[in-house]
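Please read the structure below before turning to the comments.
The values are calculated or read from the model by the stated rules, or taken from the named source; none is laboratory data. Computed from a prediction, not measured in an experiment: that's the story for all the values here. When we count neighbours, we look across all protein chains shown, and the Cβ atoms used for this are built from the backbone with ideal geometry, even at glycine.
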Amino acid sequence: MRVLIIEDDRKVAGFLARGLKEEQYAVDVCRDGEEALQLAQLYDYDIIILDIMLPRKDGFTVCRELRAKGIFTPILMLTAKDALEDKVKGLSEGADDYLTKPFSFEELLARIKALFRRSQDYKTTLLKAEDLVLDPLRRTVKRGNQKIELTGKEFALLEYLLRNKGRIISPTMILEHVWDKDYLGGSNVVNVYINHLREKIDRPFAKKLIKTIRGQGFTIDEN
């Protein structure tokens, strides 16, 4: 999952970014409304965490302009204000949820997960391909009756492939979704992690699920 944090308080932004990175999310941070609008149009985020009190453009304006541009990424609005009219205004401008400072990281994380589930319109939280099952909430992976241990990045990559099952996903799409914008390495890291996944979820089993489409990218295909 890739998250954009729009927060001008460096301490709060750093706290949020560290916590989400520990949960193996790719995280980008910006500190003003203008930059936020640029990043949200440039990258495909799963969740936007948006503070109201921002320089250049406030959070209400950012939210309204994103929706006007056809960007419907779930938005969790943060603010030190707890007045009912501010909550109503945030939701009326297009925010999906509202969290008043101070808050616990555990509550923030729970709300992020709930927003993401709602945005995907899942009938089940489990992601499946043949006998491979990934549980995003419990962060577990099984193939058949065998539990498979993955690193954080391996899990994020497999989750992204499963959410796009049947589609061809290019290395650039994977880099932009699983790694953040500050990653400075080459695209070869995608091949490295695809090979790691194959060693764990394909090689020990008769049926191979991860396919390479030469010159295009990768897909998980049950056929």
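Can you name the residue in region 94-118 that is among the basic types (Lys, Arg) and within 18 Å of VAL27 (Cβ to Cβ) and is also nearest to the chain's Cα centre (by Cα) among such residues?
Start the filter on region 94-118 by keeping residues that are among the basic types (Lys, Arg), which leaves 101, 111, 113, 117-118.
Applying the additional criterion that residues be within 18 Å of VAL27 (Cβ to Cβ) yields 111, 113.
Values: ARG111: 13, LYS113: 9 Å.
Among those residues, the one meeting the criterion is LYS113.
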Residue ID - farthest from the chain's Cα centre (by Cα), chosen from residues in region 158-181 that are under 19 Å from ILE112 (Cα atoms) and without any contact (Cβ under 8 Å) to a residue 60 or more places away in the chain: ARG163
Selection count, region 1-24, where residues are under 21 Å from LYS153 (Cβ atoms) and part of a loop (DSSP other than H, G, I, E, B): 3
Residues of region 194-220 satisfying the condition of being free of Cβ contacts under 8 Å to residues at least 24 places away in the same chain and either in a helix (DSSP H, G or I) or crowded, with 19+ Cβ neighbours inside 10 Å (or both): ASN195, ARG198, GLU199, ASP202
All positions within region 88-141 that are over 20 Å from LEU50 (Cα atoms), of a type in the set (A, V, I, L, M) and in contact with a strand residue (DSSP E or B) (Cβ under 6 Å, 6 or more places away or on another chain): LEU126, LEU127, ALA129, LEU132, VAL133, LEU134, VAL141
All positions within region 2-42 that are of a type outside the set (D, E, K, R), closer than 17 Å to VAL178 by Cβ and out of contact with any strand residue (DSSP E or B) (no Cβ under 7 Å at 6 or more places or on another chain): GLN24, LEU42
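Any idea which of GLU176, GLU159 is at negative phi, buried (at least 16 other Cβ atoms within 10 Å of the Cβ), out of contact with any Cys (no Cβ under 9 Å at 6 or more places or on another chain) and modelled with pLDDT under 90? Spell out how you get there, then give the answer.
On the way: GLU159 fails: modelled with pLDDT under 90.
Of the residues listed, the single one that is at negative phi, buried (at least 16 other Cβ atoms within 10 Å of the Cβ), out of contact with any Cys (no Cβ under 9 Å at 6 or more places or on another chain) and modelled with pLDDT under 90 is GLU176.
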